[in-house]
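Heads up: the structure comes next, in structure tokens.
Every number here is computed from the coordinates shown, using simple stated rules; none is lab data. Not measured: the values here are computed from a predicted model. Reconstructed Cβ throughout: ideal geometry from the backbone, glycine too, with neighbour counts over all protein chains shown.
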Amino acid sequence: TGTAGTVLQVCPLLPTLETALAEHHHTVRLAELPDPDAYLRDHGGDVVAAVTSARIGVSNELMDALPGLRAIVHFGVGYETTDVARARARGIDVSNTPDVLTDCVADLAVGALIDVMRRLSAADRFVRRGAWLQDAFPLASKVSGKRVGILGLGRIGRAIARRLEGFDVELLYCSRTPVEDVSYRRVSSPTELAAECDALVVAVSGGGATRGLVSASVLDALGPQGYLVNVSRGSVIDEPALVNALTGGGIAGAALDVFADEPRVPKDLLDLDTVVLLPHIASATHETREAMGELTFRNLHRFMTEGSLLTPVPEH
Ligand code: NDP
């Protein structure tokens, strides 16, 4: 049941993962080839599996250049960069790395929520520029006991909610299907969720189905006292509307790990003390990245030796 053929490494990956791929399989690193197009033209038919990051995915063009492709293995949990329906139609299996990054992304979301509400990063800047010598730092907002809305109560959303239980917050959520075994109140729309909470934490999946889900009217419903945290994808938020809300006082503040056009961040946000700006680091710890690398490798290795993936993405 094993699969013979070439493994294509689509983009640079974690060094330990690159080493494991090179040691155990005939792996070609696309980005390191002098002429990738020539390689694909002459040898594209030899490639049976592609390993890529969630950020890069496998483009339709690349998929088309690999007629023998049978598996796409993603490093990362969000895989909206690859057209999964198109892959499936060609009989290509797709995997990601669920669960192993959940703790770190949830830790960061809670940290970011506390940062933006208690203004930790702003206070740090305040001390560094010597302003404490003149003034006391302005008061912030209490976190404990507040109402927090989780948009997308999946693996990460649930881990965020679990952590926040320790802060005695009232938890509400919105996702398309009710989550059975939780006591949090479910509301029917993102607008209703925003209207009912003090802080909205976005943990939905990315891609076309959630594009612009946090719209101008959701931000409006969150209101001038409301905070937003986004650890999902930049595409989920109407970014120009968010910039307007933040610059115009439409919402109180935001902590953002993801943006619409990374690594570019809207210029208007750079000088705002009410915004915490993070460079997409929610899963970026030694421990979690190594665990992601290992799970990526195990998916690929199992596919090459047994013909099936370990953690295939769900049917859509
Ligand atoms: P899950 O698939 O477990 O959770 C996604 C949740 O989103 C599901 O509960 C789903 O519920 C919900 N959802 C999807 N569409 C909608 C919608 N239209 N309205 C409301 N809820 C919706 O994935 P994970 O929790 O593992 O990961 C979530 C996302 O976090 C990833 O897809 C990725 O984009 C992002 N992420 C970001 C990282 C970072 O570095 N910042 C790192 C890792 C992940 P239902 O289907 O019932 O609606």
Considering only residues of the range 159-183 that are closer than 18 Å to T102 by Cα and more than 22 Å from the chain's Cα centre (by Cα), which is nearest to the ligand (Cβ to nearest atom)?
V182
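One line per residue, one yes/no per condition, for (1) more than 16 Å from the ligand (Cβ to nearest atom); (2) in contact with a strand residue (DSSP E or B) (Cβ under 9 Å, 6 or more places away or on another chain); (3) in contact (Cβ under 8 Å) with a residue 24 or more places away in the chain; (4) within 17 Å of T296 (Cβ to Cβ):
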position: G5; (1), (2), (3), (4): yes, yes, yes, no
position: C11; (1), (2), (3), (4): yes, yes, yes, yes
position: H43; (1), (2), (3), (4): yes, yes, yes, no
position: V48; (1), (2), (3), (4): yes, yes, yes, yes
position: M63; (1), (2), (3), (4): yes, yes, yes, no
position: D103; (1), (2), (3), (4): no, no, yes, no
position: D115; (1), (2), (3), (4): no, yes, yes, no
Name, by its number, the condition in (1) in contact with a Ser or Thr (Cβ under 9 Å, 6 or more places away or on another chain); (2) in contact (Cβ under 8 Å) with a residue 24 or more places away in the chain; (3) not acidic (D, E) that does not hold for H26.
(2)
Name the single residue that is nearest to the ligand (Cβ to nearest atom) among those in the range 221-233 being surrounded by fewer than 17 Cβ atoms within 10 Å (Cβ to Cβ) and of a type outside the set (S, T, N, Q).
G223
When residues of the range 184-215 are filtered for being in a helix (DSSP H, G or I), within 11 Å of the ligand (Cβ to nearest atom) and in contact (Cβ under 8 Å) with a residue 24 or more places away in the chain, how many remain?
4
I156 passes all but one of (1) near the ligand (Cβ under 8 Å from one of its atoms); (2) in a loop (DSSP other than H, G, I, E, B); (3) closer than 20 Å to G111 by Cβ; which number fails?
(2)
Evaluate the range 121-143: report whether one residue or more is touching a residue at least 60 places away in the same chain (Cβ under 8 Å), of a type in the set (G, A, S) and part of a loop (DSSP other than H, G, I, E, B).
yes
